[in-house]
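Peer 1: Here's a structure for you.
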Amino acid sequence: MTKNGMVHRVAVAPFANIGKILDYAVPGNLRPVAGSLVEVPLGPRSVPAVVLPAREPSFAGALRPIGRILRPHPVVDGLQFALMDWMVARHGHSLSALLDLAVPMAVRKAVPDGSGDGAPLPPQEIAPCNRRTVPRPTLLEGRHHDRWAILASSIADALADGDGQILLLCPTVGLVKSMLALASKTFTVCDQWHGGISQRQRAITWEQLRMGRSTLLVGTASSLLLPLPRLRLVAVEREESFDHFLPIPIPFHGREVAIRLAELHAIPCILSSLVPSLESVRRVQLGHLAHRRIPPSIQLPPVATIDLSEIPATDRQFSPVLRRRLANCVESGGQAILIHPRRGIAHLRCARCGLEPSCPSCGIPIAVGGNGLLCCGKCHFTAKVAKFCIHCGGFLQKKRPGTGRLESVFRAIFPGIRCARCDREGLTDSKLRALHREFLNRHWDVLLGTSLAAVGLDSPNLALVALLDGDSLLQGTNFRGGELALQRLATFLDKMPPNGQLLIQTHHPHHPILTCLCGWDWKQFLDVELQERKLLGYPPFRHLVIWEWSGPVEEELLHHADRWAPILQNACQTIAATEVKGPTIPSIPRRRGNFLVEFWIFTPQPEDVIAALPNWLAAIGKPPAGAGHRILVDVA
């Protein structure tokens, strides 16, 4: 600092995908403050950057000067910086990557003084910052319409002074749109934020939020980093859903960040769920969460299972019991949804070695689509159908029918019932919305598809929901398998009308998950899961940090990972109650053609693991050519 208070140098985070913080000199005619959007020289070009709060210099040599200030008012406030600093320490993200989410592309442009860049709320108007007590977050447990009644009342109370803002976090874009339509019936000035809106709309919404003009924001996990100077309440709908995890471009779990955001603003946070996550159950036990269980206001829909082991194999796709229930449902004027986990016509399997053709990009089994081509349901890779196995030369047979094949079987059994197929094969977002409207208008009697068909759960005429292959939901890939299976099955009950019924076709009708689901009582199951996790030291009793490595050559990557394992196990002993397990191959073994391998690090303090990573990287030595890595915290 000079005698007149001028700053000679500032640290900035450029929007240039370099992941670094750089120092620049400040010309005497400029007055940048923390959060200012400036233009800085970077190599032969000039890029926008955000001025950071004061920190230790990272470069001792001669500095290049800032070019100009692009916007006269800060684009990031102090609370946003505080949240980002916490995420950097806990998740290992770069500050530049977080700023990419916080400042939309269309905002990173020069704006003449006084035109289109209104001043944000001054710091003294952000009243929650000065509160001494932070209210405990609340877990709201109950069915969807009962939870919404309580949540709407809380939102109305938070907006009673007329100048507040509410953030309603949803796990998926579809739920964002559903909750936005529901909220718009009660509240005005509602906005949405998710990956499906345009850059122009992002800039408009961002500006409205920064000025405090938007009342209710309904969005996915990326909305947590937006400017919300008058925030009065944070609500997380379906807090148990792992769709709150934002995998790209920076991985973090929306529920955890939402709780931290509420703490920084010293405001209430409501976690809403039908079947709460074990993390929330554990927090209730420790007293970190208040718990409110809402008794059902209407009759609970019944749940029943159909034992496929007692039915001939030729009738297991649509069992006789299901056929009778379905016929009675349509004859009485009701509608039905039939859900199957696999889309396409069928999956292929080698008759000799039993292997299934997999996607070369992500490694999951690939299905034959309705167009006669092999199509990956994750990355949409397509290829011609081969006749012979590439591993042993055996003949490829069509096994495990998908929704395309089941639609043909259904029409043969029920020629008089109007049935529409609902999966991602050829179904765009606009076509999905049109199909939803048609189902609500009773143009279709039955929706048959993947879990995407659950879009019709809000139909008042819905009388039957059937899971054609319930066993697939009971098969877990890791220690969370039982918890996730219960939560996925419970989502079909969350919005179902009281006159509806859930039927589950399964070979295991006495499975503990199905037993508790049929009785609408999952407390005992969750308690048992907690005891097993406690014995193993798994979340929620310790945090899980996944260190994921990717590389183009599988053998080379696995060889290095095996060599790294004892080094990491020895290095983690410097952190209390921390252990490293692995290497292991994840359930989706490839990403964008690269092979994946993971180390699972269980620790009570993920911040300590993040801080130790540079030393661990130095200890394992040079990685294989083309290898990369990333950190995932509490998302397995």
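Peer 1: Could you figure out which of (1) at pLDDT 90 or above; (2) crowded, with 22+ Cβ neighbours inside 10 Å isn't true of His244?
Peer 2: (1)
Peer 1: Given (1) open to solvent by less than 30 Å² (accessible area, probe 1.4 Å); (2) part of a strand (DSSP E or B); (3) over 24 Å from Ile250 (Cβ atoms), where does Ala49 come up short, assuming only one miss?
Peer 2: (3)
Peer 1: Of all residues in the range 376-389, which are modelled with pLDDT of 75 or more and out of contact with any Cys (no Cβ under 6 Å at 6 or more places or on another chain)?
Peer 2: Residues satisfying the conditions are Ala383, Lys384, Val385, Ala386, Lys387, Phe388.
Peer 1: Still on this structure: Condition test on Glu438, is it open to solvent by 10 Å² or more (accessible area, probe 1.4 Å), in a helix (DSSP H, G or I) and either in contact with a Lys or Arg (Cβ under 6 Å, 6 or more places away or on another chain) or touching a residue at least 60 places away in the same chain (Cβ under 8 Å) (or both)?
Peer 2: No, not satisfied.
Peer 1: Among the residues in the range 446-468, are any farther than 16 Å from Leu338 by Cα, in contact with a Pro (Cβ under 7 Å, 6 or more places away or on another chain) and modelled with pLDDT of 80 or more?
Peer 2: Looking through the range 446-468, at least one residue is farther than 16 Å from Leu338 by Cα, in contact with a Pro (Cβ under 7 Å, 6 or more places away or on another chain) and modelled with pLDDT of 80 or more.
Peer 1: Can you say whether Ala235 is closer than 29 Å to Pro498 by Cα, touching a residue at least 12 places away in the same chain (Cβ under 8 Å), open to solvent by less than 10 Å² (accessible area, probe 1.4 Å) and not in a loop (DSSP other than H, G, I, E, B), as far as the supplied structure shows?
Peer 2: yes
Conditions (1) within 30 Å of Arg282 (Cα to Cα); (2) touching a residue at least 40 places away in the same chain (Cβ under 8 Å); (3) hydroxyl-bearing (Ser, Thr, Tyr), marked per residue:
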position	(1), (2), (3)
Thr574	yes, no, yes
Pro586	yes, no, no
Pro614	no, no, no
Asp634	yes, yes, no
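Peer 1: Are any of the residues in the range 464-480 crowded, with 16+ Cβ neighbours inside 10 Å, touching a strand residue (DSSP E or B) at 6+ places or on another chain (Cβ under 6 Å) and aromatic (Phe, Trp, Tyr)?
Peer 2: No, because not a single residue in the range 464-480 is crowded, with 16+ Cβ neighbours inside 10 Å, touching a strand residue (DSSP E or B) at 6+ places or on another chain (Cβ under 6 Å) and aromatic (Phe, Trp, Tyr).
Peer 1: Please indicate, with yes or no, whether at least one residue in the range 347-364 is β-branched (Val, Ile, Thr), under 18 Å from Cys389 (Cα atoms) and in contact (Cβ under 8 Å) with a residue 12 or more places away in the chain.
Peer 2: Yes, the conditions are met somewhere in the range 347-364.
Peer 1: Residue under question is Pro301, and the condition is that it be under 30 Å from His629 (Cβ atoms), assigned to a loop (DSSP other than H, G, I, E, B) and either at pLDDT below 90 or in contact with a His (Cβ under 7 Å, 6 or more places away or on another chain) (or both); does it hold?
Peer 2: So Pro301 does not fit the description; no.
Peer 1: Restricting the range 580-612 to residues that are of a type in the set (A, V, I, L, M, F, W, C) and open to solvent by 20 Å² or more (accessible area, probe 1.4 Å), which is farthest from Leu544 (Cα to Cα)?
Peer 2: Filtering first and then ranking leaves Phe595.
Peer 1: Consider the range 310-319. How many of its residues are open to solvent by less than 70 Å² (accessible area, probe 1.4 Å), farther than 16 Å from Phe414 by Cα and assigned to a helix (DSSP H, G or I)? Walk me through it before giving the result.
Peer 2: Within the range 310-319, the first condition is being open to solvent by less than 70 Å² (accessible area, probe 1.4 Å), and the residues that meet it are 311, 315, 317-319.
Of the ones still in play, those that are also farther than 16 Å from Phe414 by Cα are 311.
Imposing the further condition that a residue be assigned to a helix (DSSP H, G or I) reduces the set to none.
Here the count works out to 0.
Peer 1: State whether the residues of the range 252-264 include one that is at positive phi and charged (D, E, K, R).
Peer 2: No, because not a single residue in the range 252-264 is at positive phi and charged (D, E, K, R).
Peer 1: Another question, if that's okay. Could you please find all residues in the range 346-363 being at pLDDT 70 or above and among the aliphatic types (A, V, I, L, M)?
Peer 2: Correct list: Leu348, Ala351, Leu355.
Peer 1: Let me ask another. For the range 269-278, does any single residue satisfy the condition of being more than 25 Å from Cys518 (Cα to Cα), under 25 Å from the mean Cα position of the chain (by Cα) and either open to solvent by less than 10 Å² (accessible area, probe 1.4 Å) or touching a residue at least 40 places away in the same chain (Cβ under 8 Å) (or both)?
Peer 2: Yes, the conditions are met somewhere in the range 269-278.
Peer 1: Here's another thing I want to ask about it. Got at least one residue in the range 244-256 being under 14 Å from the mean Cα position of the chain (by Cα), in a loop (DSSP other than H, G, I, E, B), among the charged types (D, E, K, R) and within 19 Å of Leu544 (Cβ to Cβ)?
Peer 2: No, that holds for no residue.
Peer 1: Also, quick follow-up: Inspect all residues belonging to the range 443-458 and state whether any of them is open to solvent by 30 Å² or more (accessible area, probe 1.4 Å), without any contact (Cβ under 8 Å) to a residue 60 or more places away in the chain and more than 27 Å from Leu517 (Cβ to Cβ).
Peer 2: yes
Peer 1: All but one of (1) surrounded by 16 or more Cβ atoms within 10 Å (Cβ to Cβ); (2) within 18 Å of Leu503 (Cα to Cα) hold for Ser332; state the number of the condition that does not hold.
Peer 2: With (1) surrounded by 16 or more Cβ atoms within 10 Å (Cβ to Cβ); (2) within 18 Å of Leu503 (Cα to Cα) applied to Ser332, the lone miss is (1).
Peer 1: Okay, next question. Which ones in the range 560-574 are within 13 Å of Ala612 (Cβ to Cβ) and surrounded by 17 or more Cβ atoms within 10 Å (Cβ to Cβ)?
Peer 2: The answer is Leu568, Ala571, Cys572.
The values are calculated or read from the model by the stated rules, or taken from the named source; none is laboratory data. It should be emphasised that the depicted structure is a prediction, and the values quoted were computed from it without experimental measurement. Glycine gets a Cβ as well: all are built from the backbone with ideal geometry, and neighbour counts include every protein chain shown. What goes into the accessible areas is simple: the full protein's heavy atoms, side chains included, and nothing from ligands, DNA or RNA. Shrake-Rupley method; radii C 1.70, N 1.55, O 1.52, S 1.80 Å.
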